[in-house]
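Notes follow the structure.
The values are calculated or read from the model by the stated rules, or taken from the named source; none is laboratory data. Small disclaimer: the values here were computed from a predicted structure and weren't measured. Quick reminder, even Gly has a Cβ in these numbers, built from the backbone with ideal geometry, and neighbours come from all protein chains shown.
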Amino acid sequence: MPLIKKTPEQRSKSSHSFEAARVIVDLAFRDLGHSDDDIRLESAQFLMGKTLKPFTDILKVSESEIQAIAKMALQEDVGARRKVSAKEASKKFTALCERSQRTFSTKL
């Protein structure tokens, strides 16, 4: 059965908040590869801190899963490797969100 894409008007408010939360957390993962130390620190603090909880509630994913992905990305601390690691973390997070969305939609 093919998927039918909904227009923004047809989407529920919860899908808007899901998408917004996903984009914010994904941006934090991408910022782990930033060349500015302050930006990397802020994104690491966000991903490892208590401010992540509201986002994990909306995304229906485990805080510990996101933090495990972040820890993996934070292990690389040198230029190109750091950027590649941040991209990989972003991809893993996207896959985690897709899995969560499929699981959540089948429960409805």
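Out of the residues in the range 13-39 meeting the condition of being surrounded by fewer than 19 Cβ atoms within 10 Å (Cβ to Cβ) and among the basic types (Lys, Arg), tell me which one is nearest to LYS92 (Cα to Cα).
ARG30
Would you confirm whether any residue within the range 7-14 is of a type in the set (Lys, Arg), part of a helix (DSSP H, G or I) and at pLDDT below 95?
yes
Could you say which residue among VAL84, VAL61 is among the aliphatic types (A, V, I, L, M), surrounded by fewer than 15 Cβ atoms within 10 Å (Cβ to Cβ) and either over 11 Å from PHE29 (Cα atoms) or touching a residue at least 12 places away in the same chain (Cβ under 8 Å) (or both)?
Matching residue, one of VAL84, VAL61: VAL84.
Please enumerate the residues belonging to the range 69-81 that are surrounded by fewer than 13 Cβ atoms within 10 Å (Cβ to Cβ) and closer than 10 Å to LEU32 by Cα.
Passing the criteria: only ASP77.
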